[in-house]
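Undergrad: Here's a structure for you.
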Amino acid sequence: MKTVAESGKARWQHDTLEPALKKSPERAASFSTVSGRPIDRLYTAEDVETIDYDRDVNNPGAFPYTRGIHPTGYRGKLWTMRQFAGFGTPEDTNGRYKTLLKAGGTGLSVAFDLPTLMGRDPDHELSLGEVGKCGVSIMSLADMETLFDGIQLADITTSMTINSPAAMIFAMYLVVAEQQGADWKTISGTIQNDILKEFIAQKEYIFPPRPSMRLITDIFGFCAEQVPKWNTISVSGYHIREAGATAVQELAFTLRDGLEYVQWGVDAGLDVDAFVPQISFFFNAHSDFFEEIAKYRAARKIWAEAMRDRFHARNERSWKLRFHSQTAGVSLTAQQPYNNVVRTALQALSAVLGGTNSLHTNSLDEALALPTAAAATLALRTQQIIAHESGVANVVDPLGGSYFVEKLTKDMEDGALAYFRTIDAMGGMVEAIERGFPQQEIAESSYRFQQAFERKEKIMVGVNAFVQQDDPPLEILYIDESTSDTQLAKLEALRKTRDRERVARSLDALRAAAATTQNLMPRILDAVRAYATVGEMCDALREVWGEYEEVPII
Amino acid sequence: MRKLRVVIAKPGLDGHDRGAKVIARALRDAGMEVIYTGLRQTPEMIASAALQEDADCIGLSILSGAHNHIVPRLMELLRDKGLDDVLVVIGGIIPDVDIPKLKEMGVKGIFLPGTPMQEIIEFIQGNVRARV
């Protein structure tokens, strides 16, 4: 312990702060981030004394990459501006993609509707009213051909938010690429393929955890050989955060999920350095500016150290955490929706200052509906203004060395590592999920935030403060029922015209392979080429593996 | 006095259950008996739960846009089972144009994003029919 005379901060508190506080007290008794993390009023050199620059921070491009994975930051290449989009029929969404690419978007990102995400065809009972509503409806290879009609897959990168049926949708993409003459060895993009966060937060699971993990390691093995530039998984904190997690919980559960996938890959007999470089991440860009920046910086450090020290990876590419980010949907308000443009801009700025490799900015109308084309364009313009006008992309990690940011980065890391210890003690993330641990932690945080919001300890402008009546109504995108009719008619036609024998044979082969340990990707590709539907392929696996049902925790 | 019994249900394929869980807990903290059905409930399952649980109120959480299909079916089933006196409320994302239609079908309260929990609690307390 330092004496008052030795400590500059203590002396300042005594000599300068206390008299000032006596004259005018602070706005609140305590200050905290949106996650409820207490924040001191001032950070000085004393707060970062235990941080060793070379060991813990280091220059960009150097281990542990706290300041970024590229030595030149965004001076070489800006982040990818990737706007998540999908609605209605494949024809509708194909049109939106062409609009976004024409407006200067640099990558595509596919949002699928709920029946597709849940591996159900539109004629299933549970698909009632859901077809094309939250994303684009993709039933078979035929729809995938339409979705990318006139878009050269060799020239763009595509991210696909698909999890339980990721292998089927990815196989469809590969076949479309093949039809266009694109080389699997050079095409690039991402499938989300992160089932653990589905069990934890988003709940779009189909099969139980263990066979779900096997599908994922099959994709790792297949891609390491056949599609080497593809990001085989996007380990996602986004949905964990949206479900109510704090920043530390998002960081901890996401990275611990990442370690779980690596462990399962290793256990399946894969070499760490053969598949880990294809793993990418996806974080939420929430509202608390500095906490978010610290979260991204801590993520890179934790991953680099875990890959080197826990898994003994030797390839630098295994150490480097690459991530996409998306501004926080949960922060958007239906009230005074134009305020959302400002929120999104600040959140996007934090992601950029945290070194995001790719970014989606939400549209102002997304608390109400899927975005209109005009709203989606404005969201993209927000990124372009940050990139080209603000000057923040001219220097690498401009906040590095800030006492506050470095201390917060360290705190985030410590918090995540504490969660790692708890989850390791349970036997791993699959076991922790089976016990409902992350689910319970998130439910607690979510309820705590709600209470703080109700007490107005946490403010949302336009909702619990600065409220105004009679907002002028916003024109929103309304998805009517015609999509469902169109897709149902297409499905009926497809079932009549395809080679029925071939479909049945390919599904039998898939079912048979599911009961063995052989890699399922070749069987899924065969079924896709035969125009088997997403629902049929998932049903084949349901028959072998069964379906997961969670015990709801409130 | 008997506690108010509320069935909180999440119909459709959507898994975003943050809202359903938060409101379930808030209603419980307000002294109600809350039965949370979990995910992916069909209208049939919800109506059966309401019957079995002797519910005073059904709260649906719908964000996906499937309300125009789910709600008419549920209301029909409630009528068939003689449960037309059960208060039905919805929380979630409902386009303005759909609100009058849902109210016509008998949905009493529709709560959009940002509604304070207290408002929902008071609405339920004030609108459940005295059951005999």
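Undergrad: Which of the residues spanning region B:88-111 are away from chain A (no Cβ under 12 Å) and in contact with a Pro (Cβ under 7 Å, 6 or more places away or on another chain)?
TA: B:M105
Undergrad: Answer yes if at least one residue in region A:146-153 is among the β-branched types (V, I, T), touching a helix residue (DSSP H, G or I) at 6+ places or on another chain (Cβ under 8 Å), over 28 Å from A:S331 (Cα atoms) and not in a helix (DSSP H, G or I), and no otherwise.
TA: The first filter runs over region A:146-153 and keeps only residues among the β-branched types (V, I, T), leaving A:146, A:151.
Keeping just the survivors that are touching a helix residue (DSSP H, G or I) at 6+ places or on another chain (Cβ under 8 Å) gives A:146, A:151.
Those left that are additionally over 28 Å from A:S331 (Cα atoms): A:146, A:151.
Filter again for not in a helix (DSSP H, G or I), leaving A:151.
Yes, region A:146-153 contains a residue that is among the β-branched types (V, I, T), touching a helix residue (DSSP H, G or I) at 6+ places or on another chain (Cβ under 8 Å), over 28 Å from A:S331 (Cα atoms) and not in a helix (DSSP H, G or I).
Undergrad: Just name the residue that is nearest to the chain's Cα centre (by Cα) out of those in region A:198-236 that are within 26 Å of A:K320 (Cβ to Cβ) and among the β-branched types (V, I, T).
TA: Looking at residues that are within 26 Å of A:K320 (Cβ to Cβ) and among the β-branched types (V, I, T), I get A:V235.
Undergrad: Could you tell me whether any residue of region A:177-193 is closer than 20 Å to A:E492 by Cα, modelled with pLDDT of 95 or more and surrounded by 20 or more Cβ atoms within 10 Å (Cβ to Cβ)? Please lay out each step first, then the result.
TA: The first filter runs over region A:177-193 and keeps only residues closer than 20 Å to A:E492 by Cα, leaving none.
Checked region A:177-193: no residue is closer than 20 Å to A:E492 by Cα, modelled with pLDDT of 95 or more and surrounded by 20 or more Cβ atoms within 10 Å (Cβ to Cβ).
Undergrad: Which of the residues that make up region B:21-36 are within 16 Å of A:E550 (Cα to Cα) and facing chain A (nearest Cβ under 8 Å)? Step through it out loud before you land on a result.
TA: Of the residues in region B:21-36, the ones within 16 Å of A:E550 (Cα to Cα) are B:21, B:35-36.
Residues satisfying the conditions are B:K21, B:Y36.
Undergrad: Could I ask something else about it? Would you point out which residue out of A:L196, A:L147, A:L174 is closer than 22 Å to A:A493 by Cα and crowded, with 18+ Cβ neighbours inside 10 Å? Walk me through how you get there before you give the answer.
TA: Details: A:L196 fails: closer than 22 Å to A:A493 by Cα; A:L174 fails: closer than 22 Å to A:A493 by Cα.
Answer to the check: A:L147.
Undergrad: Spot the failing condition for A:E441; the list is (1) more than 12 Å from chain B (Cβ to nearest Cβ); (2) part of a loop (DSSP other than H, G, I, E, B); (3) in contact (Cβ under 8 Å) with a residue 40 or more places away in the chain, and only one is missed.
TA: Result: A:E441 passes all but (2).
Undergrad: Then there's this: If a residue must be at pLDDT 90 or above and not in a loop (DSSP other than H, G, I, E, B), how many such residues does region A:118-129 contain? Lay out the reasoning, then the answer.
TA: Of the residues in region A:118-129, the ones at pLDDT 90 or above are A:118-124, A:127.
Now narrow it down to the ones that are not in a loop (DSSP other than H, G, I, E, B): A:127.
Total meeting the criteria: 1.
Undergrad: Quick one: count up the residues across region A:450-481 that are more than 10 Å from chain B (Cβ to nearest Cβ) and out of contact with any strand residue (DSSP E or B) (no Cβ under 8 Å at 6 or more places or on another chain).
TA: 13
Undergrad: Which count do you get for residues in region A:174-194 that are in contact (Cβ under 8 Å) with a residue 12 or more places away in the chain, at negative phi and over 20 Å from the mean Cα position of the chain (by Cα)?
TA: Restricting attention to region A:174-194, the residues satisfying the condition of being in contact (Cβ under 8 Å) with a residue 12 or more places away in the chain are A:174-177, A:179-194.
Imposing the further condition that a residue be at negative phi reduces the set to A:174-177, A:179-180, A:182-188, A:190-192, A:194.
From the residues that got through so far, the ones that are over 20 Å from the mean Cα position of the chain (by Cα) too are A:174-177, A:179-180, A:182-187.
Of the residues in region A:174-194, 12 are in contact (Cβ under 8 Å) with a residue 12 or more places away in the chain, at negative phi and over 20 Å from the mean Cα position of the chain (by Cα).
Undergrad: Of the conditions (1) under 20 Å from A:P473 (Cβ atoms); (2) within 8 Å of another protein chain (Cβ to nearest Cβ); (3) more than 13 Å from the chain's Cα centre (by Cα); (4) not aromatic (F, W, Y), B:H69 clears all except one; give me its number.
TA: With respect to (1) under 20 Å from A:P473 (Cβ atoms); (2) within 8 Å of another protein chain (Cβ to nearest Cβ); (3) more than 13 Å from the chain's Cα centre (by Cα); (4) not aromatic (F, W, Y), B:H69 is out only on (1).
Undergrad: With the checklist (1) touching a His at 6+ places or on another chain (Cβ under 8 Å); (2) of a type outside the set (D, E, K, R); (3) under 18 Å from A:L359 (Cα atoms) in hand, flag the one item A:V34 doesn't pass.
TA: Status for A:V34: all satisfied but (3).
Undergrad: Another one. Quick one: would you say A:T93 is in the same structural domain as A:T356 (by TED's automatic domain parsing) and touching a residue at least 60 places away in the same chain (Cβ under 8 Å)? Explain how you work it out, then say what you get.
TA: Details: in the same structural domain as A:T356 (by TED's automatic domain parsing): yes; touching a residue at least 60 places away in the same chain (Cβ under 8 Å): no.
So A:T93 fails the test.
Undergrad: Here is a follow-up. Take the residues in region A:446-483 that are assigned to a helix (DSSP H, G or I) and of a type outside the set (G, A, S); name whichever of them is nearest to B:E119 (Cα to Cα). Even if it seems obvious, please write down each step before you answer.
TA: So in region A:446-483, the residues assigned to a helix (DSSP H, G or I) come out as A:446-454, A:482-483.
Applying the additional criterion that residues be of a type outside the set (G, A, S) yields A:447-451, A:453-454, A:483.
On the way: A:Y447: 17, A:R448: 18, A:F449: 17, A:Q450: 14, A:Q451: 14, A:F453: 14, A:E454: 11, A:T483: 36 Å.
Once the filter is applied, the top-ranked residue is A:E454.
Undergrad: Related question: Here is a check on your reading of the model: is A:S363 out of contact with any His (no Cβ under 9 Å at 6 or more places or on another chain), polar (S, T, N, Q) and assigned to a helix (DSSP H, G or I)? Working first, answer last.
TA: On the way: out of contact with any His (no Cβ under 9 Å at 6 or more places or on another chain): yes; polar (S, T, N, Q): yes; assigned to a helix (DSSP H, G or I): no.
No; evaluated as a whole, the condition is false for this residue.
Undergrad: Among the residues of region A:210-233, is there at least one that is under 29 Å from A:F449 (Cβ atoms), crowded, with 22+ Cβ neighbours inside 10 Å and in contact with a Pro (Cβ under 7 Å, 6 or more places away or on another chain)?
TA: Quick first cut of region A:210-233, residues under 29 Å from A:F449 (Cβ atoms) only: A:233.
Of the ones still in play, those that are also crowded, with 22+ Cβ neighbours inside 10 Å are A:233.
Pick out the ones that are also in contact with a Pro (Cβ under 7 Å, 6 or more places away or on another chain) and you get none.
No, there is no match, as no residue in region A:210-233 is under 29 Å from A:F449 (Cβ atoms), crowded, with 22+ Cβ neighbours inside 10 Å and in contact with a Pro (Cβ under 7 Å, 6 or more places away or on another chain).
Undergrad: Another one. Can you say whether A:M412 is more than 13 Å from chain B (Cβ to nearest Cβ) and either surrounded by 21 or more Cβ atoms within 10 Å (Cβ to Cβ) or under 30 Å from B:P95 (Cβ atoms) (or both), as far as the supplied structure shows? Talk me through it step by step, then tell me what you get.
TA: Working: more than 13 Å from chain B (Cβ to nearest Cβ): yes; either surrounded by 21 or more Cβ atoms within 10 Å (Cβ to Cβ) or under 30 Å from B:P95 (Cβ atoms) (or both): yes.
Yes, satisfied.
Undergrad: Let me ask something additional. Being more than 13 Å from every other protein chain (Cβ to nearest Cβ) and assigned to a loop (DSSP other than H, G, I, E, B) is the filter; apply it to region A:311-335 and report the residue that is surrounded by the most Cβ atoms within 10 Å (Cβ to Cβ).
TA: The initial filter retains those residues of region A:311-335 that are more than 13 Å from every other protein chain (Cβ to nearest Cβ), namely A:311-327.
If we keep only those that are assigned to a loop (DSSP other than H, G, I, E, B) too, we end up with A:311-315, A:320-322.
On the way: A:F311: 18, A:H312: 11, A:A313: 20, A:R314: 11, A:N315: 14, A:K320: 21, A:L321: 26, A:R322: 21.
Result: A:L321.
Undergrad: Then there is this: Looking at A:G221, A:G150, A:G132, can you tell me which residue is touching a strand residue (DSSP E or B) at 6+ places or on another chain (Cβ under 7 Å) and either away from chain B (no Cβ under 14 Å) or touching a residue at least 12 places away in the same chain (Cβ under 8 Å) (or both)? Let's see the steps before the verdict.
TA: Details: A:G221 fails: touching a strand residue (DSSP E or B) at 6+ places or on another chain (Cβ under 7 Å); A:G150 fails: touching a strand residue (DSSP E or B) at 6+ places or on another chain (Cβ under 7 Å).
Going through A:G221, A:G150, A:G132 in turn, just one is touching a strand residue (DSSP E or B) at 6+ places or on another chain (Cβ under 7 Å) and either away from chain B (no Cβ under 14 Å) or touching a residue at least 12 places away in the same chain (Cβ under 8 Å) (or both): A:G132.
Undergrad: Give just the number: which of (1) farther than 20 Å from A:F170 by Cα; (2) of a type in the set (V, I, T); (3) surrounded by 15 or more Cβ atoms within 10 Å (Cβ to Cβ) does A:V551 not satisfy?
TA: (3)
Undergrad: May I pose another question? Does A:A201 qualify as being among the small types (G, A, S) and either outside the structural domain of A:H360 (by TED's automatic domain parsing) or not in a loop (DSSP other than H, G, I, E, B) (or both)? Let's see the steps before the verdict.
TA: Numbers: among the small types (G, A, S): yes; either outside the structural domain of A:H360 (by TED's automatic domain parsing) or not in a loop (DSSP other than H, G, I, E, B) (or both): yes.
Judged against the criteria, A:A201 is a match.
Undergrad: Search region A:240-257 for residues that are within 14 Å of chain B (Cβ to nearest Cβ) and pair each with any residue that is surrounded by fewer than 24 Cβ atoms within 10 Å (Cβ to Cβ) and of a type in the set (V, I, T) when their beta-carbon atoms are under 7 Å apart and the residues are at least 6 apart or on different chains.
TA: That search, which allows pairs on different chains as well, returns A:E242/A:V330.
Undergrad: Of the residues in region A:214-230, how many are in contact with a Gly (Cβ under 7 Å, 6 or more places away or on another chain) and either under 15 Å from A:Y261 (Cα atoms) or modelled with pLDDT under 95 (or both)?
TA: Residues in region A:214-230 being in contact with a Gly (Cβ under 7 Å, 6 or more places away or on another chain) and either under 15 Å from A:Y261 (Cα atoms) or modelled with pLDDT under 95 (or both): 2 in total.
Undergrad: Modelled with pLDDT of 95 or more and surrounded by 21 or more Cβ atoms within 10 Å (Cβ to Cβ): is that true of A:Q384 in this structure? Spell out the reasoning first.
TA: Details: modelled with pLDDT of 95 or more: yes; surrounded by 21 or more Cβ atoms within 10 Å (Cβ to Cβ): no.
It is false that A:Q384 is modelled with pLDDT of 95 or more and surrounded by 21 or more Cβ atoms within 10 Å (Cβ to Cβ).
Undergrad: Please determine whether any residue of region A:294-310 is of a type in the set (F, W, Y) and buried (at least 22 other Cβ atoms within 10 Å of the Cβ). Spell out the reasoning first.
TA: Going through region A:294-310, the residues of a type in the set (F, W, Y) turn out to be A:296, A:303.
Checking the rest, the ones that are also buried (at least 22 other Cβ atoms within 10 Å of the Cβ) come to A:296, A:303.
The answer is yes, given that some residue of region A:294-310 is of a type in the set (F, W, Y) and buried (at least 22 other Cβ atoms within 10 Å of the Cβ).
Table: residues versus (1) surrounded by fewer than 22 Cβ atoms within 10 Å (Cβ to Cβ); (2) touching a helix residue (DSSP H, G or I) at 6+ places or on another chain (Cβ under 6 Å); (3) in a helix (DSSP H, G or I).
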position	(1), (2), (3)
A:A245	no, yes, no
A:L251	no, yes, yes
A:D257	no, yes, yes
A:Q263	yes, no, yes
A:G269	yes, no, no
A:D273	yes, yes, yes
A:V276	no, yes, yes
A:F281	no, no, no
A:N284	no, yes, no
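Undergrad: Suppose the filter is in a helix (DSSP H, G or I), away from chain B (no Cβ under 14 Å) and touching a residue at least 24 places away in the same chain (Cβ under 8 Å); does A:L488 pass it? Show your work before the answer.
TA: Values: in a helix (DSSP H, G or I): yes; away from chain B (no Cβ under 14 Å): no; touching a residue at least 24 places away in the same chain (Cβ under 8 Å): yes.
Answer is no for this residue.
Undergrad: Here is a further query. What number of residues in region B:1-11 are surrounded by fewer than 24 Cβ atoms within 10 Å (Cβ to Cβ) and touching a residue at least 12 places away in the same chain (Cβ under 8 Å)?
TA: If we filter region B:1-11 for residues that are surrounded by fewer than 24 Cβ atoms within 10 Å (Cβ to Cβ), which is where we start, we get B:1-5.
Right, trim to touching a residue at least 12 places away in the same chain (Cβ under 8 Å) and you get B:3-5.
So the answer is 3.
The values are calculated or read from the model by the stated rules, or taken from the named source; none is laboratory data. Every value quoted in this text rests on a predicted model; they were computed, and no experiment measured them. Positions of Cβ are backbone-derived with ideal geometry, glycine not excepted, and every protein chain shown enters the neighbour counts.
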